[in-house]
Amino acid sequence: EAQVTQNPRYLITVTGKKLTVTCSQNMNHEYMSWYRQDPGLGLRQIYYSMNVEVTDKGDVPEGYKVSRKEKRNFPLILESPSPNQTSLYFCASNPQQGGRTDTQYFGPGTRLTVL
Amino acid sequence: AQSVTQLGSHVSVSEGALVLLRCNYSSSVPPYLFWYVQYPNQGLQLLLKYTTGATLVKGINGFEAEFKKSETSFHLTKPSAHMSDAAEYFCAVKTAGNKLTFGGGTRVLVKP
């Protein structure tokens, strides 16, 4: 089944404790992206990757890191989480780098709470 | 820069009544427009999209949306609401590359 998977689905952590949220897609998509969802703000893009070893900042990149060493994986790293990063996170993938008409496929989400 | 405004963060409709969710966008280039639905505790699922061609777009679950360039709108409708339509709905626009810019979302409550 074609899908985007994320782990963990739920995470409660404390301020300053490094964490990684994994994202994997099995559709051989070139483009991958991370969003955070906050009430009333919709989804905002954190980082995106056009292909392996190519990443760039989205609208809200502060406090986050990403890497794209393999085409299928795009982990989100919080080196020193803070309470304002408590949010619902979604990973998404798109078939092509510049595919404006392409549908973006979303993972199931990771609910992160930082105490 | 593009932006998306969804009028009404919450909408309540009776089962069988019309569902109308409003979306307006701003964009300096021709936009590609999307509606996504999020059911409780799930990810986002594409309802429909407008890229080029016919401005009335039909999607899944009986939803449709009409692109009106003059009004910079892409409102979502369904003639008769069903209890299973209770969810949050997001309008989004793509202008350059693959970046989606989302509206704030509209949560739909369906009353029996």
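All of the numbers you see were taken from the coordinates with simple rules; none came from a lab. As the structure is a computational prediction, the values presented were derived from the model and not from experiment. Positions of Cβ are backbone-derived with ideal geometry, glycine not excepted, and every protein chain shown enters the neighbour counts.
What to note about this one:
- Among B:19-25, A:31-37, the order from most to least packed when residues are scored by Cβ within 10 Å on average: A:31-37, B:19-25
- Rg over Rh, two decimals, the stretch A:6-65 (C-alpha only, Kirkwood Rh): 0.97
- Note that the stretch B:4-21 has calculated 3J(HN,Hα) couplings of 9, 10, 10, 7, x, 7, 9, 10, 10, 10, 8, 4, x, 8, 5, 9, 9, 10 Hz, one per residue in order, obtained from phi through the Karplus relation 6.51 cos²θ - 1.76 cosθ + 1.60 (θ = phi - 60°); glycine and proline are x.
- Segment B:SER9..B:SER28, full-extension length gain: 4.3 nm, with 0.36 nm per residue of separation and the alpha-carbon distance subtracted.
- Partner shielding of A:29-37 amounts to 2, given as the average count of beta-carbon atoms from other chains within 10 Å of each residue beta-carbon.
- Calculated on alpha-carbon atoms, Rg and Dmax of the protein assembly as shown in Å: 17.5, 51
- ³J(HN,Hα) computed for each position of the stretch A:68-73 - Karplus, 6.51 cos²θ - 1.76 cosθ + 1.60, integer Hz, glycine/proline x: 9, 8, 10, 5, 7, 10
- Checked against a 19 Å cut-off, the cross-linked pairs B:LYS69/B:LYS99; B:LYS69/B:LYS94; A:LYS57/B:LYS49; B:LYS49/B:LYS94; A:LYS18/A:LYS65; B:LYS58/B:LYS99 give Cα-Cα distances beyond that limit for B:LYS69/B:LYS99; A:LYS57/B:LYS49; B:LYS58/B:LYS99.
- Sorted largest first, the spans of the alpha carbon positions of the stretch B:17-111 along the three principal axes are 39, 26, 18 Å.
- Note on the stretch A:16-115: Rg/Rh from Cα positions, Kirkwood definition for Rh, rounded to two decimals, is 0.95.
- As a proxy for reagent exposure, ranking B:TYR39, A:TYR64 by other Cβ atoms within 10 Å from fewest up yields B:TYR39, A:TYR64.
- The charge dipole of the protein assembly as shown, taken about its Cα centre with unit charges on the Cβ of Lys, Arg, Asp and Glu (plus for the first two, minus for the last two), comes to roughly 200 debye.
- Per-residue average of Cβ from other chains inside 10 Å of B:98-108: 6
- Residue by residue, the stretch B:59-74 carries 3J(HN,Hα) couplings of x, 7, 6, x, 7, 8, 9, 10, 7, 10, 4, 5, 9, 6, 10, 8 Hz when phi is fed to the Karplus relation 6.51 cos²θ - 1.76 cosθ + 1.60 (θ = phi - 60°); x denotes Gly or Pro.
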